[in-house]
Amino acid sequence: MNVRILGTAVALIGILSLCLLAQGSFTADLGFEVTFDPNGPFIADMGTTFELGYAAGPVQWASYSDCRLTVGYLWQEFRMDVDLDAFAVHGDILFGPSTADYLYAQVIAEMTFLGVDVGFYWAQLGDAVLGGPADGSALRIAARFAGLEVVSTTEIGARIEGDGFAGIDIVHASTGLYRHYETNPRAAGQGFTGEKLRIGGFGFGCIGNVDATLYFTCQGFDFLSFEVDEVTFGIPWLNLGLELTYELQTKSLAMTPTFVVGDELICFRPHFAVRLGTTSWAIEGFELGALEVGCSWNGITIKDLTVLDTGRFVITAEDDGSTIETLDDAIDRGHDFYVQYRELLSIEITFDGCCGSTDRILLNTYFADTSVLFDWAMSYLEMRAGVSSDIAFSLAMTVMPGKIDAVELGFTLHW
């Protein structure tokens, strides 16, 4: 492991040196935020982030630093990209300076040849990260012909983001802050761990597109899923989509139809659990486990998420999209979620602000998992406003019955 860490660091330093020898341009982003806690220390935390970027020809380099009052020098990340049209390389390395820990590294190399996209992914977790030490790689090959897209992902100890899988979040336990990456090393050492095959782009009749995904691991078959969209039935203002997933581990069949009226003016998405026979594939019934209803119009999005089966479905946190997922998927993807809330009412407004900025207001209201209808439990308010194209202010607030749980103020400066 030490040899790999040293090799990654040397490669990054070498590329950085080549960048500095060439003529390029710098960019910088400075962020500051302070968190107030009315129920404890008045200033619960303060943080400063600084991102420095440098671009010279096909090479881009960036440094990201995050310092906190409560934990000190939290993150130090280095990133680099080399883009040569048909060939590209991306690299990340993350350290925890306050504890002098190496945390994570990844390298992604992508190439396009004769219409075939080939991507090689490698990543490594340090000893200080939950699940580490671990390392692994993956090979992704995508080809398109006759209107079809065939994607093969061979996992050699790592799982990559996409086609229903998430990447990895490196989480700081005491603050809840995290850094997200695309490659998730899941095994120590090397060896085949999984194969995912997706075929998409075929359709028939009124069905415009069908994607089929098969996934199996070294232990055998894991799941088979179908995703259908653009089912019109000849009605121009109504589209129907459908997701159907069978998982062997839980011997469960999940069905999620999606009804969209207009250009996402109204969206209706029920989540069904299909009861199968204990000894056969016979369908014994359907159980409505969760429901999503939303509408969007002129920059305003309103949605309501309701969880009926709290043992199977959860609502993810704001950073993970505020969507409904199965509990197994949320855990497997490393998403934060709320188990104590069964309903979310969300209103989001985006509009053009001052000097070309995009302003945003988000209000999420959660209701508890109790027998009382609309038992308000928590509200989350987030606002962002730009005073120029380079300066923006933000506010985040969490309110619970009888108290304001936290208030966070911040600003970002770009030049």
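The values are calculated or read from the model by the stated rules, or taken from the named source; none is laboratory data. What you see is a predicted model, and the numbers here were worked out from it, not measured in a lab. Here Cβ is always computed from backbone atoms with ideal geometry, including for glycine, and neighbour counts include all displayed protein chains.
A compact table of results
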| quantity | calculated |
| --- | --- |
| Residues located in the range 209-223, provided they are farther than 10 Å from R198 by Cα and either assigned to a strand (DSSP E or B) or under 22 Å from the mean Cα position of the chain (by Cα) (or both) | N209, V210, F216, T217, G220, F221, D222, F223 |
| Index of the failed condition, K303 passing every other in (1) closer than 30 Å to P185 by Cα; (2) at pLDDT 80 or above; (3) not hydrophobic (A, V, I, L, M, F, W, C) | (1) |
| Options Q76, Q124, Q60; residue that is over 26 Å from R186 (Cα atoms), modelled with pLDDT of 90 or more and assigned to a strand (DSSP E or B) | Q60 |
| Leading residue by the ranking (nearest to S394 (Cα to Cα)) among those in the range 318-367 that are crowded, with 17+ Cβ neighbours inside 10 Å and among the hydrophobic types (A, V, I, L, M, F, W, C) | L362 |
| Some residue of the range 163-182 being in contact with a Pro (Cβ under 6 Å, 6 or more places away or on another chain), farther than 21 Å from A212 by Cα, assigned to a strand (DSSP E or B) and not β-branched (V, I, T) | no |
| Options F286, F259; residue that is farther than 27 Å from D169 by Cβ, assigned to a strand (DSSP E or B), aromatic (F, W, Y) and modelled with pLDDT of 75 or more | F259 |
| Verdict on F87 being within 25 Å of Y104 (Cα to Cα), at pLDDT 90 or above and either over 26 Å from the mean Cα position of the chain (by Cα) or surrounded by fewer than 16 Cβ atoms within 10 Å (Cβ to Cβ) (or both) | yes |
| Enumeration of residues in the range 96-128 that are surrounded by 15 or more Cβ atoms within 10 Å (Cβ to Cβ), over 18 Å from I160 (Cβ atoms) and either within 21 Å of the chain's Cα centre (by Cα) or among the β-branched types (V, I, T) (or both) | L103 |
| Tally of residues being in a strand (DSSP E or B) and either modelled with pLDDT of 80 or more or loosely packed, with under 14 Cβ neighbours inside 10 Å (or both) across the range 246-256 | 1 |
| Selected residue [over 30 Å from I404 (Cβ atoms) and among the hydroxyl-bearing types (S, T, Y)] from T49, T70, T99, T35 | T99 |
| Search result, residues across the range 127-149 that are of a type in the set (V, I, T) and modelled with pLDDT of 90 or more | I141 |
| Any hit, the range 219-228, residues being surrounded by 13 or more Cβ atoms within 10 Å (Cβ to Cβ), under 21 Å from G132 (Cα atoms), at pLDDT 80 or above and not aliphatic (A, V, I, L, M) | no |
